[in-house]
Structure formats: C-alpha cells, structure tokens
Amino acid sequence: MPTPSSRKLASNVLAGQILDSLSMDGINADPTQQQLINVLGESLGASARNSRQGVYIYGPPGRGKTIITNALMAHLPSSRTRRFHFHEFFHQLNSPKNREPGQPLGAIFSQGLERELAGIQVLIFDEFHCTEPGDAMLMGKLIKFCQQHEIQLVTTSNYEPENLLDDDTFHHLVNPIIETIRHGFEIFKLDHEQDYRLISGSPNDAQGFAKGTLNLVPRTIPVTATETWIEIGYDRIGPAHLTDGCIWITFDQICRTRRNTADYLELATRYSRWHLTEIPSSETMPMDEERRLANLIDVFYDKDVEVHLYAEDDLAALGHMLHATEKARLASRLAQLTRHDLERTAASQ
C-alpha cells in the first residue's frame, strides 16, 4: 500500500498518483526523484500550475527516468497521451509503407506527424538526442508542430540541452531547439549517486533484456539450428542461424556491415531472443564498429529484447572512443546482463 508519507511529499493530485504507483511497486522515491515528480505534477494535467510547453528530464543512466515516466503514463488519459522512443518514432514516420510514389520526404514527415499525433495532449519521448544533422531537422519540425497544436512534450535524455548534437561542425543546427527548450520547458537534471540498474535482482526473476548474459566462453551454434539469410532494406545479412525461436548471428554480420539504428529497430521487432557471437576485444574495437554495437545494445534494451553476448573480453572498454555519456549508458546496461566466464564454468563442472 502507498505510505502516508509519500502522499505528504506530493505537490498535487498527479504527483501523488505517481508516488502511489511507485510505492505500490515497492519503490520509494529518493529526494531528487520526488522533486522531479512534483515538477511533472505542476507542469502537466488538469491541475498544472504553469503553462510550460513541456518537461525536459536529463541525467546519467539508471536514475529512475523510465520508472517515473512509466508511472506518469499510467495516470494520464490514454486516448490523449502517446509515448515513443525518439529514433523509433522517426523510423516509423519515414517507413516505406507510409510513402506514396514520388512523394517528397517533407510531405511524408508532415503527414506522419498529423497521423501519429492527432488529438493528443501529452507526448513522451525516451532517449531524446541528435546523433546526426538530419535528426536536428526532424527534431525542430517536431517541436514546432507540438507548439502549434498545443501538445506538451516530456522528454528523457542522458544529455543536457546544450549537448543534443555534440558535434562542433553541425552544432549550430540545434541552437534554435536549445533556445526553445531553455525558454519554454521545465528542465530537470535527475542526477544522484546511485545507478539503480547496478543493484542486481534475482536472475531467476529476470525477463527480456535483463534475462540476457555476457559470456567469455566460446560458443558454437547448436547442431539443430537452421541456416537463414536476413533481408533488410535492399541488403541481405547472413548466413545467420535460427533455433528454438532464437537468432544466432556474428559480430561481423551485424556490426561490420553498414547497418544503422533503423535497421536494428526493424530486426529487434522480428526476433525477441538473440545470440551475438564472436565479439572482438573492446580495447581495440574501431570507433565505427563500437558505435554500431553500442546502438544495437541500446535498441535491445529499449525494446526489452533478450540478448546473449559472446565476447573476447568483458567489454569493460566498450565506449572508449565514444562520448563519456554514451560510455556510462553502455556500462549501466551491460551491468544488467549475467556474466559467465571460463573460470565460473570450470568451477561448476
């Protein structure tokens, strides 16, 4: 049952409902999380006390951004609230199934916004971030659309607004977006010492991504596996193998080919259990391959896909050539995987 003390901390009804939901799940919000919950309560819903366009939440991984927005979603009108992963949303808008022959890309995007966001009041975006100049253009159009249609945005990000496109060459493209966020949004940094993802639960209770493993044990494909080639876009990947509802695929096939986040999102919808084999040393991995593996792990995590990694080392150096924030996010997500190595395997035999 929700504790009376948690209700006393709430600034209004919506904040109280969020705290109650967390308490029902056995989660006692820490002081920083309580502050964020009150900001959400004062900014959204019928009892909102300000007229902000939205709430921009940022901070390191594992601080509770997702669990708090999950609880928020449960207490907003479902018919007027939508939630998306940022890159998945744009992938969906630009999907070939939504295109007509000869239709300009700008028209596809505008019509997609009208289709996906019709009639909603609150839009929640997870992993709000630009990784390339095209993202900045789409992000700007999205924010302008929400302004024009009085849609409030709630975003979660590992990056403060000034680092949305952390590339000196193209950073000027996001300056108007940063100004809009700084002047039109409540900005909250959710940052405290504890990364809650590093507090391990029981592996037996794990589901989805948390049921996965990181293995330093060489792995051979089961003899019962059937060979398959994967069609993705205009390309084919393979030969991969399928067995017992799992896909077995090598690092070379998925990270040393010109794959992008949209490809990974598509593949994650096709297969819910993955075995990714022959991952080379993270200390010497080139930046382009490292970024693809990082993107793939991000997609697995966000889509809650069970993944078993087979690597030459414990991937402790993964992200050594990436932004510090990306490296921290990777470490947080990999820490949720149960580790198996040669010493543990020998001891159990």
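The values are calculated or read from the model by the stated rules, or taken from the named source; none is laboratory data. For clarity, every value in this text was computed on a predicted model and none was experimentally measured. All Cβ positions, glycine included, derive from the backbone under ideal geometry; neighbour counts span all protein chains shown. Surface accessibility is based on the protein's heavy atoms, side chains included, excluding ligands, DNA and RNA. Shrake-Rupley method; radii C 1.70, N 1.55, O 1.52, S 1.80 Å.
Go through (1) in a loop (DSSP other than H, G, I, E, B); (2) of a type in the set (D, E, K, R); (3) under 22 Å from Gln35 (Cα atoms) one by one and return the number of the condition Arg182 breaks.
Looking at each condition in turn, Arg182 falls short on (1).
Residues checked against (1) assigned to a helix (DSSP H, G or I); (2) at pLDDT below 90; (3) open to solvent by less than 70 Å² (accessible area, probe 1.4 Å); (4) under 27 Å from Asp298 (Cα atoms):
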| residue | (1), (2), (3), (4) |
| --- | --- |
| Ser23 | yes, yes, yes, no |
| Gly26 | no, yes, yes, yes |
| Pro61 | no, yes, yes, yes |
| Arg83 | no, no, yes, yes |
| Phe90 | yes, yes, yes, yes |
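How many residues does the range 133-153 contain that are free of Cβ contacts under 8 Å to residues at least 24 places away in the same chain and open to solvent by 90 Å² or more (accessible area, probe 1.4 Å)? Can you show your working first?
First, pick out the residues of the range 133-153 that are free of Cβ contacts under 8 Å to residues at least 24 places away in the same chain: 134, 144, 148.
Next cut, open to solvent by 90 Å² or more (accessible area, probe 1.4 Å) only: 144, 148.
Adding up the residues that qualify gives 2.
Looking at this structure, is Asp304 under 29 Å from Thr156 (Cβ atoms), of a type in the set (D, E, K, R) and more than 20 Å from the chain's Cα centre (by Cα)? I'd like the intermediate steps shown before the answer.
On the way: under 29 Å from Thr156 (Cβ atoms): yes; of a type in the set (D, E, K, R): yes; more than 20 Å from the chain's Cα centre (by Cα): no.
Answer is no for this residue.
Please find, within the range 198-234, the residue that is modelled with the lowest pLDDT out of those that are surrounded by 12 or more Cβ atoms within 10 Å (Cβ to Cβ) and assigned to a strand (DSSP E or B).
Among those that are surrounded by 12 or more Cβ atoms within 10 Å (Cβ to Cβ) and assigned to a strand (DSSP E or B), it is Ile232.
Yes or no: Ile178 within 15 Å of Val55 (Cβ to Cβ) and at pLDDT 85 or above?
no
Within the range 322-341, does at least one residue satisfy the condition of being more than 19 Å from Glu88 (Cα to Cα), of a type in the set (Gly, Ala, Ser), open to solvent by less than 30 Å² (accessible area, probe 1.4 Å) and not in a helix (DSSP H, G or I)?
No: the range 322-341 contains no residue that is more than 19 Å from Glu88 (Cα to Cα), of a type in the set (Gly, Ala, Ser), open to solvent by less than 30 Å² (accessible area, probe 1.4 Å) and not in a helix (DSSP H, G or I).
Just give me the residues in the range 275-321 being within 21 Å of Trp248 (Cβ to Cβ), hydroxyl-bearing (Ser, Thr, Tyr) and open to solvent by 40 Å² or more (accessible area, probe 1.4 Å), in sequence order.
Tyr301
In this structure, does Leu76 turn out to be modelled with pLDDT of 85 or more and not acidic (Asp, Glu)? Explain how you work it out, then say what you get.
On the way: modelled with pLDDT of 85 or more: yes; not acidic (Asp, Glu): yes.
When the stated conditions are applied, Leu76 passes them.
Do we have any residue at all in the range 260-274 that's acidic (Asp, Glu) and buried (at least 20 other Cβ atoms within 10 Å of the Cβ)?
First, the residues of the range 260-274 that are acidic (Asp, Glu): 263, 266.
Now restrict to residues that are buried (at least 20 other Cβ atoms within 10 Å of the Cβ): 263.
The answer is yes; a qualifying residue exists.
Only one of these conditions is not met by Thr284: (1) under 16 Å from Thr213 (Cβ atoms); (2) over 20 Å from the mean Cα position of the chain (by Cα). Which number is it?
Here Thr284 meets the rest and fails (1).
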